Every structure is written in C-alpha cells, then in structure tokens.
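Novice: Structure incoming, see below.
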Amino acid sequence: MFSMGFRRIPATALVALFSCACLPQTARAWGNEGHRLINRLAANSLPADVPAFLKADAALNEIEYLGPEPDRWRSPAEPELAATQAPEHFIDLELADPLGPLPHKRFDFLAKAYAAGQKPDVIGLQPWEATEVWERLKAAMREFRQQSAAHQDTKPVEQAILFYAGWLGHYVGDASQPLHTTVQYNGWTGPNPNGYTTAHTIHWQFEGPFVGANLHAPEVQAKMTPAHIVEGDLFDAYVAYLRHTATYVEKVYQLEKAGGFTGTGTPESREFTAERLAAGADMLRNMIYTAWVDSSKPVPERNPAK
C-alpha cells in the first residue's frame, strides 16, 4: 500500500498516480498554499522577545518555503524515504485509542502496537514525529544561546533553527486538518446513516483546490489567537491538539455533502477552513515560542549509557 495525502492506496495504483501530472497536488496535506500560509502566519506572529533573526524577512520566507517540504520527500525516486515517512503525517485515533494511553516515546508506541498485533505504520506516527522535530528545534535554540553568549558566529545554527521551524510547521499543519486524525480520511467507510460521500476525493478536494482558490492570509489571520507558551508536557498538549482537531471529522463530511468544497464553497465552509488553518498557525507559533523559552532551562543530567 502507498499513501494518498500520505495515506494508504493500493500499490497497483502507484505507477498511474505518479505518472499523473496532478500527483504533487494529490499528495499534499493542505496543499502547497495551505502549508505555506500556516508557516508564514506562525512565523510572522512570533512574540517580540524571540531572536531578531527569526523576525527578518529572509527568515519568514525560508520558514514559509519549508511548509510543504515533507511532501517533497515522497517521490518514487526516493522510495525508502517515501515509505518510511508516510505514516508521520497522520494518526488514526480510532485505531490508536484501543491500545491505551499514548506513550511519549516512539519506540514504546511501536512495541505497544506490535504487541497488540497492530501495525504502527497503519495507525500513524504523527505526534511522535512532530514532538521529535520540536525537540530538535529546542536543542538548536539552546545551541544558539550558548554561541551567542560566547560571541561566536551564530549564522550556521540560525539556519538550522529555520529549517527545524519550517519542517515542524508541516506536521503541525497536518494536525489541524481533521482528515489526518481518522480512519475516515478519504471517503466514509462502514455504517453510513447520514449518507456521507464514499468517494476517494474528499481529502484533496477539501485541503487542496478549495484552500488554494478561496483561503487567503487576511481571513485566516483574523481567526488567530494571541501567542502563549504551551503549558505542561509538550507531547500531552500536542495529543490534546490532535484530539480537538478530530472532533471536526464529521463536520468536514457535512460540509462536503452541502457542496461546501465545490468552487467557492459556502460562507460556512470558508469560515470553517479558515479556522482550521488558523489553529495550525497558532499551534506552530506557540510551539516555536515554547522551544525558545524552554531552551533557556538547565539541561537534565544524562542517564548512564546502557
């Protein structure tokens, strides 16, 4: 199986999909436009006490460009990379929850899933990838602080920070899209009393052409909230963010049924989509800011090597 919007599709369809001129679009969560929008709005709304280089135009442009970066890693020219990172864009909570509380460490989750006879790559690895990239960002920011204090050249670590922040933005953006949290990711399956679409088109129709044609920075920015630190454990907060996104799964199907993602859609569908994009930008900005604040904290002592 391969992935549609980083989900599973029959391997027999792979050649046809990749030969299609529209493939780069069908593979992208929120599409190129949505991911770039989320990243730019997040970076542009960082609080004033972050390092000055993060507020520079060049930094905003770089972080924006990197929004779709992980979607550029699914070419058939890099099959191992494409297969390995595909599950990092989603988590099907209906499959994850029967396993019990989600452990904070990726390999603990892998072990838990395999012990239950489940395949982690089918369930998805979204929260682990996002929090691991966030920790890379925090580590780079700590290095920036140390180099600045020592009056060293910080340009190389600044570039690392921009890359990690942009990379992180992709997954945080994915996690604001309800269809990245569910088995109902691209057409309703199972009992369907409300007559929702079963066509394998809703995922891209919603996050791709509809967003690209109808959503712009001003209406998304208007729905953003003030910046703040992510309180408590970052992994727990991120999972709560995913679970909140998942509460809107059926709303996506309801809007699609009402023609909300066709053409210009409806006022309700445009408002809903702007809110979801704004949620992604809010969370990304807050995670970047939290990484900066937390990078000033003392580093715990290392556990003895095994």
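Novice: With r defined as the distance between the Cβ atoms of TYR65 and ARG243 and R0 fixed at 25 Å, what FRET efficiency is calculated, to the nearest 0.05?
Specialist: Values: r = 30 Å, r/R0 = 1.21.
Plugging the Cβ-Cβ distance into 1/(1 + (r/R0)^6) gives 0.25.
Novice: What is the Cα radius of gyration of segment 166-236 over 2.2 N^0.38 Å, N being its residue count? Provide the component values of the computation, followed by the final result.
Specialist: Details: Rg = 15.8 Å, N = 71, 2.2 N^0.38 = 11.1 Å.
Compactness ratio reported: 1.42.
Novice: Report the Rg/Rh value for segment 36-134, based on alpha-carbon coordinates and the Kirkwood definition of Rh. Don't jump to the answer; show the numbers that get you there.
Specialist: Values: Rg = 17.0 Å, Rh = 15.7 Å.
Taking Rh as the inverse mean 1/r over Cα pairs, Rg/Rh reads 1.09.
Novice: Turning to a different aspect of this structure: Translational diffusion coefficient of segment 108-189 at 4 °C, 1.567 mPa s, Stokes-Einstein with Kirkwood Rh over Cα pairs, in µm²/s as a whole number. Write out the running numbers ahead of the final one.
Specialist: Working: Rh = 15.2 Å.
Result for D is 85 µm²/s.
Novice: Let me ask you something else. Arranged from highest to lowest average of other beta-carbon atoms within 10 Å per residue, in what order do the peptides 238-251, 189-202, 75-88, 58-71 appear?
Specialist: For the peptides 238-251, 189-202, 75-88, 58-71, the packing ranking is 58-71, 238-251, 75-88, 189-202.
Novice: A further question on this structure: Any idea what angle helix 126-149 forms with the longest principal axis of the chain, computed on alpha-carbon atoms, 0 to 90 degrees, nearest 10?
Specialist: Tilt of helix 126-149: around 20 degrees.
Novice: I've got another one for you. Could I get the Rg over Rh figure for the chain? Both from C-alpha atoms, Rh via Kirkwood, rounded to two places.
Specialist: Rg divided by Rh gives 0.97.
Novice: For segment 104-134 and segment 258-283, write down the distance between their C-alpha centroids in whole Å.
Specialist: Distance between centres, Cα-based: 30 Å.
Novice: Could the peptides 135-143, 254-262, 103-111, 272-280 be put in order, highest first, of the mean number of other beta-carbon atoms found within 10 Å of their residues? It would help to have the intermediate numbers written out before the result.
Specialist: Numbers: 135-143: 19.9, 254-262: 18.0, 103-111: 14.4, 272-280: 23.7.
Ranked by mean Cβ neighbours within 10 Å, highest first: 272-280, 135-143, 254-262, 103-111.
Novice: Do the sum for the chain: with -39,500 (n - 2.57) for every DSSP H run of n ≥ 4, divided by all residues, what is the mean residue ellipticity at 222 nm, to the nearest 500 deg cm²/dmol? Provide the component values of the computation, followed by the final result.
Specialist: Working: 16 runs with 166 residues, N = 306.
Mean residue ellipticity at 222 nm (helix-derived): -16000 deg cm²/dmol.
Novice: Can you list the HN-Hα couplings for segment 56-70, worked out from phi with the Karplus curve (6.51, -1.76, 1.60; θ = phi - 60°), rounded to whole Hz and with x for Gly and Pro?
Specialist: Ordered by residue, 3J(HN,Hα) equals 5, 4, 4, 5, 4, 5, 5, 4, 4, 4, 7, x, x, 3, x Hz.
Novice: To continue, here is another question. With every protein chain present, what is the per residue accessible area of the chain (1.4 Å probe, Å²)?
Specialist: 46
Novice: OK, next. Given a 1.4 Å probe and every protein chain left where it sits, what share in percent of the accessible area of the chain is carbon and sulfur?
Specialist: Accessible surface attributable to carbon and sulfur in the chain totals 57 percent.
Novice: Please turn the phi angles of segment 229-245 into ³J(HN,Hα) values with the Karplus equation 6.51 cos²θ - 1.76 cosθ + 1.60 (θ = phi - 60°), one per residue in order, whole Hz, x for glycine and proline.
Specialist: Once rounded to whole Hz, the list reads 6, 6, 7, x, 6, 5, 4, 4, 5, 5, 5, 4, 4, 4, 5, 5, 4.
Novice: Could you calculate the contour length gain from LYS55 to PHE107, that is, 0.36 nm times the residue separation minus the distance between their Cα atoms, to one decimal place in nm? All intermediate terms of the calculation are to be shown ahead of the outcome.
Specialist: Numbers: separation 52, 0.36 × 52 = 18.72 nm, distance 3.60 nm.
Full-extension gain reported as 15.1 nm.
Novice: Scan segment 207-237 for GluC sites (Glu not before Pro) in coil per DSSP, keeping those whose Cβ has at most 10 other Cβ atoms within 10 Å, and list them by number.
Specialist: GLU231
The values are calculated or read from the model by the stated rules, or taken from the named source; none is laboratory data. Small disclaimer: the values here were computed from a predicted structure and weren't measured. Cβ atoms come from the backbone with ideal geometry, glycine included; neighbour counts cover every protein chain shown. Keep in mind that these areas ignore ligands, DNA and RNA; they rest on the heavy atoms of the full protein, side chains included. Shrake-Rupley method; radii C 1.70, N 1.55, O 1.52, S 1.80 Å.
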